[in-house]
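Undergrad: Following this message is one structure expressed as structure tokens.
The values are calculated or read from the model by the stated rules, or taken from the named source; none is laboratory data. Because the structure is a prediction, the values reported are computed rather than measured. Here the Cβ is made from the backbone with ideal geometry for all residues, glycine too, and neighbour counts use every protein chain on show.
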Amino acid sequence: MPRVLRARLQGISKAFVPGVPVLDGVSLDVAEGEVLALLGENGAGKSTLMNVLSGLVKPDAGVLELAGEPVDLAHWGPRAAQGHGVGMVHQQSALVPALTVAENLRFGDPAAGLWFRPRAERRVAAALSRRFELEVPVDRRVEELSPGQRQRAEILRALGRGARLLILDEPTAVLTPNEATALFGAVRRLRGAGCAVIFISHKLGEVEAVADRVTILRRGRVVASVAARELDAHELGRLMLGRDLPPLARRAAAPRVATPQPALAIRGLSTAGASEASRLRGLDLEVFGAEIVGLVGIDGNGQRELEEVLAGVRRPSAGEVVVAGRRVALHPRALRRAGLAHLSGDRESAGLVRGMTLAQNFILKGSWDDRRFFRHGRIDHAAAWRATRAAALRFGIVPPDPERDISSLSGGNAQKLAVARELDGDPLVLVAVNPTRGLDVGSARFVHEQLLARRAAGGAVLLISTELDEVIALADRLVALVRGELRATPPGADRAAIGAILLGGGGA
Amino acid sequence: MSEALLALLSGSVGSLAAWTATLRETAPLLVTGLAVALAFRGGVWNIGAEGQLLAGALCATVVATRLCVGAPALVLVPAVALAGALGGALFGGLAGVLRATRGVSEVISTILLNFVASCLVALAIHGPLQEVARAYPKSDPFPAAAMLPAFGRVHAGLLVALVLAFGLQGLVFRTPFGFRLRAVGLAPTAARFAGISPERIALSTLALSGALAGLAGAFEVAGVTGQLYEGLSAGTGYTAIAVALLARLQPLWVIPSALLFGALEAGAAAMQREAGVPAVVTQVVQGAVILLAVGLSIGKRRGPRLLGRALPEDA
């Protein structure tokens with residue numbers, strides 16, 4: 001088994017389009033027993049760099065050294081990378097859902113023989129799981145696993161193929177806080193076992209928790225490479241963005257207006273659910289104007305169901321939604337007309353259609369009550385263009401071109417368009433669901449500022465998020481959703497206390 | 001070999017008669033191609049243009065030979081066309097209802113309805129619609145007043161089809177309905193969150209697509225054959241899928257696409273006649289054209305991404 005003593009990339013350059021370098025002379029190294037965090041905003045070049053290392057992308061220039069010897073880049077590819085002990089765990093799961101973990105470990109393994117030997121496969125998988133202390137039920141089908149277990153299975157598969165340099169591409173994006181903590185433990189154990197780990201992230205907190213060293217990319221260049229403990233979060237943010245990130249000016253918001261009635265009232269809401277735990281059980285919740293209510297919870301406890309009801313795509317079995325004192329029909333357009341806007345970090349739930357232009361996406365939602373864009377059975381393209389252009393400039397969407405296909409935009413910019421669309425017409429209530437999922441620091445900050453601006457303008461915001469830190473930073477009031485029921489959280493509760501409530505341990 | 005190719009060419013575009021044959025083959029391909037293009041745009045995989053065409057032809061025959069036999073042309077021709085469209089819409093709509101209410105995949109239901117339609121035609125021409133003479137399993141000939149006006153052997157249906165192509169181009173790209181249809185076709189979940197019901201769009205798209213295919217059936221019986229018999233459509237509804245794909249689901253591009261396939265059909269007949277080459281060879285040519293079209297569309301899809309400003313990465 002080849003052993004990666006050290007991986008060293010020197011002067012790596014890559015341009016997919018001539019003259020527009022994605023990587024511009026990047027150098028980076030990592031040794032065994034080390035966790036290197038690779039930070040950068042969306043589009044900084046992190047994934048491309050790692051794709052070079054794992055053989056998916058051929059660099060235009062540069063040298064790659066593994067175990068002290070330069071590799072032949074002309075013959076560098078996924079197979080060669082695997083042979084050199086480089087393994088990458090991508091954001092999108094590459095496991096076959098219908099197969100068990102053990103079967104997945106063997107599936108596509110070039111070293112495996114022609115015959116399938118279930119008992120031997122299981123033994124190998126279990127041994128691997130024990131050796132690296134990555135707990136995975138090897139007999140279960142992947143589709144039955146939690147995201148965290150699935151990820152451990154992916155890591156195991158890479159290890160099983162002889163990987164000793166592991167690249168984890170934004171591994172916490174799909175995990176709950178507890179699962180993320182478990183992952184950090186696993187990464188530390190891998191380090192202890194002599195593996196080198198490159199950990200891609202754009203979350204500062206994770207880096208502090210797990211990394212030995214940090215390399216920061218900005219626009220295809222390395223801007224800093226330092227020991228993790230020498231940096232604080234503020235400094236990291238500054239390096240990533242290339243500018244200072246002032247603290248959120250949350251408390252500078254307008255004083256609460258004494259409103260007689262809640263802007264949004266949810267009464268006795270019950271639904272069927274994807275699972276028993278995610279069934280809503282008689283939910284009661286009120287959100288007033290000039291207030292951000294944070295709703296925290298572990299995925300699968302009813303957030304999705306609540307979001308779908310409030311977005312108007314799921315019919316509840318009981319209960320009602322009242323906006324500004326009036327009961328609203330639960331249909332996307334009726335809700336929007338009543339003044340309830342819905343923002344989601346998920347492209348599809350956000351109602352963004354890849355393959356359509358910015359302008360078309362802008363007018364897609366609420367377009368029928370919006371006489372601006374639809375008149376006499378025709379689409380007013382000129383009006384749509386103007387409105388989109390104005391919104392793009394106001395919200396700093398790059399490029400501000402209404403004719404451009406939305407799928408050509410970065411995640412942050414696509415999300416900005418969704419924000420612009422939802423805030424168009426100043427909705428009374430904004431339901432934001434994981435609004436910064438997958439966004440980099442700068443874009444996430446933008447969304448946070450918009451939520452606070454909505455609050456300052458007297459709007460009601462219901463923030464449903466699995467990012468505990470985000471909710472704690474923004475919300476005036478916190479409630480927890482546990483197995484489809486709301487639990488109050490004591491004011492000023494910290495992460496640990498809230499975590500205990502989410503797990504069903506404490507709380508009222 | 002060259003003799004065969006020559007026959008293919010001269011039989012499709014080599015003479016006025018050849019052009020007439022080509023245009024005659026083009027008409028049903030154009031209308032059904034539009035039907036398929038519309039459905040696929042809306043993310044509805046209507047494989048049932050064949051059955052919808054037959055259903056349309058059947059309904060048109062009922063009107064022409066049983067219901068309104070004595071009516072003047074001014075009434076009968078529109079009635080026949082309308083009956084054809086309704087028949088097709090009924091078949092398409094049935095698949096649409098199944099999809100919208102029961103979640104039945106329209107791929108399965110439309111394919112199965114093809115068999116239903118062809119059996120219904122067989123049933124009709126062996127029974128209630130059979131010619132008065134009861135000699136052959138075919139319908140009575142259409143009264144002259146039911147026949148589409150024709151210029152030589154090219155009937156007016158082709159003209160209608162051309163107008164339809166322009167109309168559909170406008171419908172898909174200019175109207176709110178077309179906008180919703182495309183949104184559902186591209187991203188059904190996103191469309192649902194934007195307040196568009198994918199079920200409703202699927203239902204109306206299938207019905208509309210079926211109506212077009214049914215119209216093609218009415219044009220065939222009322223424009224070309226003048227009567228209904230088994231084997232009226234030798235796979236027109238299937239070739240239509242290739243026609244629509246080659247046109248990249250753009251209604252206007254369906255015109256040249258249908259013309260190409262129409263020429264292949266007409267030329268194949270000539271090739272078989274004059275060079276003794278089995279017509280199966282044209283199917284090979286058609287297959288090659290489809291593969292080429294698919295290959296081109298893949299190249300196109302990658303093109304903009306590579307030529308665009310920057311690859312969206314880390315996303």
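Undergrad: Got a sec? Which of B:Arg182, B:Arg200, B:Arg192 is more than 23 Å from the chain's Cα centre (by Cα), part of a helix (DSSP H, G or I), among the charged types (D, E, K, R) and within 14 Å of chain A (Cβ to nearest Cβ)?
TA: Of the residues listed, the single one that is more than 23 Å from the chain's Cα centre (by Cα), part of a helix (DSSP H, G or I), among the charged types (D, E, K, R) and within 14 Å of chain A (Cβ to nearest Cβ) is B:Arg192.
Undergrad: Considering B:Val132, B:Val160, which residue is surrounded by fewer than 20 Cβ atoms within 10 Å (Cβ to Cβ), more than 14 Å from chain A (Cβ to nearest Cβ) and at pLDDT 90 or above?
TA: Every option except B:Val160 fails the conditions.
Undergrad: Then there's this: I'd like the full set of residues that are surrounded by fewer than 13 Cβ atoms within 10 Å (Cβ to Cβ) and at negative phi, limited to the range B:137-152.
TA: B:Ala144, B:Pro149, B:Phe151 - these are the residues of the range B:137-152 that are surrounded by fewer than 13 Cβ atoms within 10 Å (Cβ to Cβ) and at negative phi.
Undergrad: Just give me the residues in the range A:57-87 being charged (D, E, K, R) and either assigned to a helix (DSSP H, G or I) or farther than 18 Å from A:Ser47 by Cα (or both), in sequence order.
TA: A:Glu65, A:Glu69, A:Asp72, A:Arg79
Undergrad: Here's a follow-up. Test B:Ala222 against the stated conditions and say whether it is within 15 Å of the chain's Cα centre (by Cα) and either modelled with pLDDT of 90 or more or surrounded by fewer than 24 Cβ atoms within 10 Å (Cβ to Cβ) (or both).
TA: No.
Undergrad: Test B:Glu265 against the stated conditions and say whether it is acidic (Asp, Glu), under 20 Å from the mean Cα position of the chain (by Cα), at pLDDT below 90 and part of a helix (DSSP H, G or I).
TA: yes
Undergrad: Additional query: Among the residues of the range A:5-39, write down those that are at negative phi and small (Gly, Ala, Ser).
TA: A:Ala7, A:Ser13, A:Ala15, A:Ser27, A:Ala31, A:Ala37
Undergrad: In the range A:137-149, what residues are under 20 Å from the mean Cα position of the chain (by Cα) and crowded, with 21+ Cβ neighbours inside 10 Å?
TA: If the condition is that a residue be under 20 Å from the mean Cα position of the chain (by Cα) and crowded, with 21+ Cβ neighbours inside 10 Å, then A:Gly148 is the only one that fits.
Undergrad: Can you pull out every residue in the range A:317-355 that is at the interface with another protein chain (Cβ under 8 Å from one of its Cβ atoms), touching a strand residue (DSSP E or B) at 6+ places or on another chain (Cβ under 7 Å) and either over 30 Å from A:Ser410 (Cα atoms) or surrounded by fewer than 22 Cβ atoms within 10 Å (Cβ to Cβ) (or both)?
TA: Listed by number, the list holds a single entry, A:Gly355.
Undergrad: I've got another one for you. I'm checking my understanding of the structure. Among residues of the range A:92-113 that are surrounded by fewer than 16 Cβ atoms within 10 Å (Cβ to Cβ) and within 15 Å of A:Arg152 (Cα to Cα), which one is modelled with the lowest pLDDT?
TA: My answer is A:Gln92.
Undergrad: Does the range B:223-232 contain at least one residue that is within 13 Å of B:Thr61 (Cβ to Cβ), free of Cβ contacts under 8 Å to residues at least 24 places away in the same chain, away from chain A (no Cβ under 14 Å) and not in a loop (DSSP other than H, G, I, E, B)?
TA: Yes, the range B:223-232 has at least one match.
Undergrad: Could you count how many residues in the range A:399-428 are surrounded by fewer than 24 Cβ atoms within 10 Å (Cβ to Cβ), within 14 Å of chain B (Cβ to nearest Cβ), assigned to a helix (DSSP H, G or I) and touching a strand residue (DSSP E or B) at 6+ places or on another chain (Cβ under 8 Å)?
TA: Residues flagged as surrounded by fewer than 24 Cβ atoms within 10 Å (Cβ to Cβ), within 14 Å of chain B (Cβ to nearest Cβ), assigned to a helix (DSSP H, G or I) and touching a strand residue (DSSP E or B) at 6+ places or on another chain (Cβ under 8 Å) within the range A:399-428 amount to 1.
Undergrad: Evaluate the following for A:Ala387: is it closer than 15 Å to B:Ala194 by Cβ and away from chain B (no Cβ under 14 Å)?
TA: no
Undergrad: Another question about this same structure. Identify the single condition in (1) assigned to a loop (DSSP other than H, G, I, E, B); (2) modelled with pLDDT of 90 or more that A:Pro490 does not satisfy, given that it satisfies every other one.
TA: Status for A:Pro490: all satisfied but (2).
Undergrad: Considering only residues of the range A:292-308 that are modelled with pLDDT under 90 and either assigned to a loop (DSSP other than H, G, I, E, B) or in contact with a Lys or Arg (Cβ under 6 Å, 6 or more places away or on another chain) (or both), which is surrounded by the most Cβ atoms within 10 Å (Cβ to Cβ)?
TA: A:Gly302
Undergrad: Which of the following residues is surrounded by fewer than 17 Cβ atoms within 10 Å (Cβ to Cβ), on the phi < 0 side of the Ramachandran plot, modelled with pLDDT of 90 or more and not aliphatic (A, V, I, L, M): B:Pro28, B:Pro78, B:Pro72?
TA: It is B:Pro78.
Here's the yes/no breakdown for (1) within 14 Å of another protein chain (Cβ to nearest Cβ); (2) in contact with a Phe, Trp or Tyr (Cβ under 7 Å, 6 or more places away or on another chain); (3) closer than 25 Å to A:Gly312 by Cβ; (4) assigned to a helix (DSSP H, G or I):
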| site | (1), (2), (3), (4) |
| --- | --- |
| A:Ile397 | yes, no, no, no |
| A:Leu430 | no, no, yes, no |
| A:Gly438 | yes, no, yes, no |
| A:Ala453 | no, no, yes, yes |
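Undergrad: To continue, here is another question. Among the residues of the range B:234-248, which ones are in contact with a Phe, Trp or Tyr (Cβ under 7 Å, 6 or more places away or on another chain) and within 19 Å of B:Gln52 (Cα to Cα)?
TA: The answer is B:Thr239, B:Ala242, B:Val243, B:Ala244.
Undergrad: Another question, if that's okay. Going through the range A:26-42 one residue at a time, which ones are touching an Asp or Glu at 6+ places or on another chain (Cβ under 6 Å) and within 11 Å of chain B (Cβ to nearest Cβ)?
TA: Answer for the range A:26-42, where residues must be touching an Asp or Glu at 6+ places or on another chain (Cβ under 6 Å) and within 11 Å of chain B (Cβ to nearest Cβ): A:Glu41, A:Asn42.
Undergrad: From the list A:Leu159, A:Leu134, pick out the single residue that is buried (at least 16 other Cβ atoms within 10 Å of the Cβ), among the hydrophobic types (A, V, I, L, M, F, W, C) and assigned to a helix (DSSP H, G or I).
TA: Sole residue among the options that is buried (at least 16 other Cβ atoms within 10 Å of the Cβ), among the hydrophobic types (A, V, I, L, M, F, W, C) and assigned to a helix (DSSP H, G or I): A:Leu159.
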